[in-house]
1. Can you tell me which residue in region 156-178 is surrounded by the fewest Cβ atoms within 10 Å (Cβ to Cβ), limited to those that are without any contact (Cβ under 8 Å) to a residue 40 or more places away in the chain and within 21 Å of MET41 (Cβ to Cβ)?
2. I'm told ALA95 meets every condition in (1) without any contact (Cβ under 8 Å) to a residue 24 or more places away in the chain; (2) more than 18 Å from the chain's Cα centre (by Cα) except one. Can you identify the failing condition by its number?
3. Return the residue satisfying two criteria in turn: it lies in region 184-203 and is in contact with a helix residue (DSSP H, G or I) (Cβ under 8 Å, 6 or more places away or on another chain) and free of Cβ contacts under 8 Å to residues at least 60 places away in the same chain, and of such residues it is nearest to GLY25 (Cα to Cα).
4. Sort out which residues of region 55-73 are part of a helix (DSSP H, G or I) and either surrounded by fewer than 13 Cβ atoms within 10 Å (Cβ to Cβ) or hydroxyl-bearing (Ser, Thr, Tyr) (or both), and write them in order of number.
5. Any idea which of (1) small (Gly, Ala, Ser); (2) assigned to a loop (DSSP other than H, G, I, E, B); (3) more than 27 Å from VAL191 (Cα to Cα) is the one ALA37 doesn't satisfy?
6. Is it the case that region 45-54 has a residue that's surrounded by fewer than 13 Cβ atoms within 10 Å (Cβ to Cβ) and not aromatic (Phe, Trp, Tyr)?
7. Within region 112-132, take every residue that is of a type outside the set (D, E, K, R) and exposed (fewer than 12 other Cβ atoms within 10 Å of the Cβ) and give me the one that is farthest from ILE96 (Cα to Cα).
8. In region 194-220, how many residues are surrounded by fewer than 15 Cβ atoms within 10 Å (Cβ to Cβ) and under 17 Å from the mean Cα position of the chain (by Cα)?
Amino acid sequence: MHYHEPSDFKFVVEQRHAYPAGVQGYRDLSAAVFDPADEVMSVKDKQVMSIAVAATTQCPYCMDAHVKAAKKEGASQEEVARAIAVAAGIRAGGAITHGWLAMKLYELGDENTEYTSPTDVKYARALRQNAGGAVEAFNAFDKAVFTGDDVMSAKTRQLIAVAVAATTQCPYCMDAHVKGAKKEGASQGEVARAVAVAAALRAGAAHTHGNLAMKLYDQD
């Protein structure tokens with residue numbers, strides 16, 4: 001037996017039998033988020049965004065479902081690759097920005113009275129000076145990730161970043177990329193949909209891992 005297998009999707013029947021209301025609740029959420037009648041954001045963009053969130057949660061079931069769905073909606077391999085790069089950028093960015101918090105805690109010690117704050121950016125210099133070139137390398141990577149091209153616009157990248165930031169729950173990333181998305185012309189409705197995609201994928205990862213739970217329950 002392997003933990004994660006494509007055949008695990010068959011165990012949704014057992015989940016549905018054990019808790020039909022829970023399974024239906026997830027399906028209703030997913031249907032609302034990926035509604036093809038939504039005029040604010042296309043299903044294709046939502047599916048590409050979902051791939052970035054799946055890379056962040058590291059859910060193989062979600063990755064399987066949403067790569068297939070994105071391809072069905074017309075997404076190119078290049079778009080999928082860029083979504084993955086945004087996910088990597090946000091995960092790295094969350095570590096770098098929480099490095100500001102580490103510098104603050106190092107400096108203030110027991111005198112510190114708060115954790116995350118917009119003013120923590122003032123500790124970026126201390127991190128850069130003490131990280132042995134890693135911050136400069138991250139900045140170059142970050143620039144490459146968020147520079148738009150003929151494959152994916154800067155706005156779409158920023159909206160994907162909002163979804164990933166909602167998944168990682170990094171307030172520094174959320175601050176930077178909501179502002180970045182707005183600067184690139186994203187509407188409040190588009191930002192809200194990015195958050196909704198993150199919510200659906202987080203629920204989806206739990207739901208699909210419920211299939212694994214049913215499989216493990218059946219083991220002798």
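Values in this text are rule-based calculations from the coordinates and carry no lab data. The shown structure was predicted, so the numbers you read here are calculated from the model rather than taken from an experiment. Every residue, glycine among them, receives a Cβ derived from its backbone with ideal geometry; neighbour counts consider all protein chains shown.
1. The qualifying residue surrounded by the fewest Cβ atoms within 10 Å (Cβ to Cβ) is MET174.
2. That leaves (2) as the condition not met.
3. The qualifying residue nearest to GLY25 (Cα to Cα) is VAL195.
4. Listed by number, the residues that qualify are THR56, THR57, TYR61, LYS68, LYS72.
5. (3) is the only condition that ALA37 fails.
6. Checking region 45-54: not a single residue is surrounded by fewer than 13 Cβ atoms within 10 Å (Cβ to Cβ) and not aromatic (Phe, Trp, Tyr).
7. Taking the candidates together, the pick is THR113.
8. 1
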